[in-house]
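Inspection log for the structure reproduced underneath, given as structure tokens.
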């Protein structure tokens, strides 16, 4: 759980550092929302919009901008409710925790102290503002962990039931049994004549394996061109794209490659077997944990919005 909390904290620190572009300082500030005894200002909203939507189109229509502002304001209201709840729980954030988060950011991004401050300056953030934002984010992460994550327990029975009811999600890739005829001997005219001969024989109904024994230049000609079961990723991109569209028993058109001309028959498709439960147990655990977390958080948020004094002036 501590490792998970640290990951969240570092992710928040990185997001704050690199998501923000140069922030506008000429905004005429005013209060746009009140959450209990906390106010949210227009400058906070504008800054958050810039951070959250960085990289999105700027030429939004007025209706789009209004929708974006409303959605981001909802997030700020949520943050306010979380911050107030965290303060009531007495959750503290030490200076060393902020220092550690910053050191992790610098280490993971190869930044010196000077380079970090330069990034902050380009983003329009002072070092103190960055630390204050990290303090809020760390407090939020600690609150979410204490209030929700630490109270979630996923039982083995839940994992096993999910595995059984979602077995198709854990199937290994299918395998394709193929036969091939490879024509590579002779000059261009000779190869074209040989291709034509094979296609005519196929059209008359002669078995593919007989033609592979007679015409193929591949080592597998002795076994009727059978190369066994192959996964798609084991095939060249050209052959892979053709095999995906074939039905069992059907034959591809001639496939011209630098090595020669291939003709491929799909013999059979073997459905992939399920991955063992123990192999996918961590994946299922994370899915169930995240689902339980989201349900608990959504229920808590709905209740908090009902009992809180929230006034929007946007």
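Read-outs: derived from the displayed coordinates by stated rules, not from any lab. What you are looking at is a predicted structure, and each value in this text was computed from that prediction instead of being measured. Cβ coordinates were reconstructed from backbone atoms using ideal geometry, including for glycine residues, and neighbour counts include every protein chain displayed.
Principal axis lengths of the range 173-270 from Cα atoms, whole Å, largest first?
39, 28, 23
With everything on Cα atoms, drop me the angle between helix 95-109 and the longest principal axis of the chain, reported from 0 to 90° to the nearest 10.
The helix 95-109 is inclined about 30 degrees to the chain.
With a cut-off of 8 Å between alpha carbons and a minimum separation of six or more residues, what is the relative contact order of the chain in percent?
22
With each run of n ≥ 4 DSSP H residues scored as -39500 (n - 2.57), what mean residue ellipticity at 222 nm is computed for the chain after dividing by its residue count and rounding to the nearest 500 deg cm²/dmol?
It comes out at -18500 deg cm²/dmol, rounded to the nearest 500.
Could you grab the Rg to Rh ratio for the range 104-214? Cα atoms only, Kirkwood for Rh.
In the range 104-214, Rg relative to Rh is 1.46.
State, to one decimal in nm², a quarter of the convex hull surface area for the C-alpha atoms of the range 64-166, i.e. the direction-averaged projected area.
Hull-based average projected area comes out at 11.0 nm².
On a C-alpha basis, how far is the centre of the range 147-167 from the centre of the range 78-114 in Å? Whole number, if you could?
That distance is 30 Å.
On the principal axes of its Cα set, how long, how wide and how thick is the range 177-218? Give whole Å, largest value first.
28, 22, 15
Against the longest alpha carbon principal axis of the chain, how many degrees, from 0 to 90 and to the nearest 10, is the axis of helix 2-19 turned?
The angle comes out at about 80 degrees.
Take 229, 176, 130 and order them by how many other Cβ atoms sit within 10 Å, fewest up front.
Least crowded to most crowded, the residues run 229, 130, 176.
If each residue's Cβ is checked for other Cβ atoms within 10 Å, how do 223, 72 rank with the fewest at the top?
223, 72
Neighbouring Cβ atoms within 10 Å as the yardstick, rank 285, 309 fewest first.
Ranking 285, 309 by Cβ neighbours within 10 Å, fewest first, gives 309, 285.
Taking the structure as given and computing semi-axes √(5λ) of the Cα gyration tensor in Å, which label from [x] 69, 18, 16; [y] 37, 25, 18; [z] 61, 26, 20 fits?
Label of the calculated value: [z].
So, by mean Cβ neighbours within 10 angstrom, what's the order for 77-84, 105-112 with the highest one leading?
Highest mean packing first, the order is 77-84, 105-112.
Report, to the nearest 10°, how far helix 188-203 tilts away from the longest principal axis of the Cα atoms in the chain, using its own Cα long axis and a range of 0 to 90°.
Taking the Cα atoms of the chain, the angle to 188-203 is about 90 degrees.
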